[in-house]
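Data block below; observations after.
What follows is calculated from the coordinates using simple rules that are stated; it is not laboratory data. As the structure is a prediction and not an experimental result, all values here were calculated from the model. When we count neighbours, we look across all protein chains shown, and the Cβ atoms used for this are built from the backbone with ideal geometry, even at glycine.
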Amino acid sequence: MAKIIGEIDGAKATSDDLPEISEQSPGHFVVKAGNEVSEIFLTDSGLLSDGNSIDGIEVSVETDKERILRERFSGNADNDKAGKTTKGMILKAPMPGMVKAISVSVGDKVQKNSQILVLEAMKMENSISAGFIGSVSKIHVEVGTSVEKNMPLVDFTQA
């Protein structure tokens, strides 16, 4: 049985009512409370965004379904079947925008959270970072390229 720990808005709250918070990447959190799931973003200036807007600018958010599909199907199946120890990864555009700068070249080794490119969306520059350690195997875009959400940007070989 759940332990009563206090009141929220006049209603008794139990330990089961506490939200579960997990950090997906620096400044990006998923908050689960009951059947509700929300994404929260912490900006460089310390402001919080609910994933829908921040300072009046709409933000596109990856759904759980999109995340699961990306995680399961963005790997390189040929490498996996060959029994190699590395796994191919594809960095895709998180939102529509224009590539303003590319910080890597083919063959470069990247560390987790190192900047890969800058994507301008709605007059805001967004630093797109690597989520793992690996090597750049192919760059699909160049500076000035307009991209759509989920368009491949850079291929990696993960270490």
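Mind scanning K32/K123; K92/K138; K100/K149; K65/K138; K92/K112 and naming the pairs with a C-alpha gap bigger than 24 Å? All intermediate terms of the calculation are to be shown ahead of the outcome.
Details: K32/K123 31 Å; K92/K138 12 Å; K100/K149 16 Å; K65/K138 26 Å; K92/K112 16 Å.
Over 24 Å Cα-Cα: K32/K123; K65/K138.
Annotation note: GluC sites (Glu not before Pro) in segment 87-144 located in DSSP loop regions with a Cβ neighbour count of at most 13 within 10 Å are E142.
Quick one: order D155, D108, D44, D64 by neighbouring beta-carbon count within 10 Å, fewest to most. The partial results should precede the final answer.
Numbers: D155 19, D108 15, D44 7, D64 10.
Going from least to most buried by this count: D44, D64, D108, D155.
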